[in-house]
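Here is the structure we will look at, set down as structure tokens.
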2 protein chains.
Amino acid sequence: MDLDKANAALNNPVRRKILDWLKDRSNFPPALAEHADLEGMCVAYIQEKACLSQSTISNYMGLLKQAGLVISERHGQFTFYRRDEDAIRAFLSAVEKELLKP
Amino acid sequence: MDLDKANAALNNPVRRKILDWLKDRSNFPPALAEHADLEGMCVAYIQEKACLSQSTISNYMGLLKQAGLVISERHGQFTFYRRDEDAIRAFLSAVEKELLKP
DNA sequence: TCCATATATCGAGATATCTCGATTTCTCGT
DNA sequence: ACGAGAAATCGAGATATCTCGATATATGGA
């Protein structure tokens, strides 16, 4: 988790919303049968939900990934993104530690 | 505390550093005798520490104030800025609530 | 009232972010 | 090897942020 990159990645309402949507698969259309047991969400579904272009969402997911807030896994033609809960907790701890008075 | 503005204000390393410096008066030169009992720090001292122009720091402090993260108080020609600890805690709670899985 | 000092505001150029459509790359089936 | 679909990368225009110097405003003291 890169604190500066995470800060930057989270400084955008859509990217924050994506991270929120990824908490629960029911925020997206049902998975294809062959993806039923995979974690995470493909770019196309996130794109549809966010109402932004494919390239924008791909870019967003790349930023979230570089920040270390999500994990990506490729399965065939699909890339599945999911939250990195540990990294998110680490980010929150780091921000808290930085902001809170000793 | 405005969550979006706070997010934006904190997305800058110098502004984060300023908030950090403001935790402890000993990060700055000693106060003038007539300011000894006042809370907060004047713009000029913050500017000196940050090595940026006066207008930039005034702008930064305005952003932090609009975000609700600092409180300003004028005393004579000086404006003293200090952390709003309650607002900072509220910001952290809000971010945590937004990011953490239920 | 006039000056000096502290801060705020203004205007502008440099840099970064946003967002898109077009193109490229990757992977699977055929 | 080839075509189709998913995602990544590229290039560019629009918008936002950064940062400055110059100027304006506010305040206290002579």
Next on the checklist: If I filter the range A:13-21 for residues that are within 10 Å of DNA strand D (Cβ to nearest atom) and either within 14 Å of chain B (Cβ to nearest Cβ) or of a type outside the set (Asp, Glu) (or both), do I get at least one hit?
Outcome noted: no
Next on the checklist: Go through the range A:17-39 and report how many residues are of a type in the set (A, V, I, L, M) and more than 12 Å from the chain's Cα centre (by Cα).
Outcome noted: 5
Checklist entry - Taking the range B:66-82 as the search range and keeping residues that are within 9 Å of the chain's Cα centre (by Cα) and surrounded by 20 or more Cβ atoms within 10 Å (Cβ to Cβ), which one is farthest from the other protein chains (Cβ to nearest Cβ)? => result B:Tyr81
Next on the checklist: Condition check: open to solvent by less than 80 Å² (accessible area, probe 1.4 Å), within 11 Å of DNA strand C (Cβ to nearest atom) and within 26 Å of A:Asn7 (Cβ to Cβ). Does A:Leu63 satisfy that?
Outcome noted: yes
Next on the checklist: Take the conditions closer than 21 Å to B:Lys97 by Cα, touching a Leu at 6+ places or on another chain (Cβ under 6 Å) and within 12 Å of chain B (Cβ to nearest Cβ) and apply them to A:Glu85. Does it pass?
Outcome noted: no
Checklist entry - Could you list, in sequence order, the residues of the range B:18-41 that are over 20 Å from A:Leu99 (Cα atoms) and without any contact (Cβ under 8 Å) to a residue 40 or more places away in the chain? => result B:Pro29, B:Pro30, B:Ala31, B:Leu32, B:Ala33, B:Glu34, B:Ala36, B:Asp37
Checklist entry - In the range A:89-97, is there at least one residue being near DNA strand C (Cβ under 9 Å from one of its atoms) and open to solvent by 40 Å² or more (accessible area, probe 1.4 Å)? => result no
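The values are calculated or read from the model by the stated rules, or taken from the named source; none is laboratory data. As the structure is a prediction and not an experimental result, all values here were calculated from the model. With ideal geometry, Cβ positions are generated from the backbone for all residues, glycine too; neighbour counts draw on all protein chains shown. Just the protein is used for accessible areas: all its heavy atoms, side chains included, with ligands, DNA and RNA removed. Shrake-Rupley method; radii C 1.70, N 1.55, O 1.52, S 1.80 Å.
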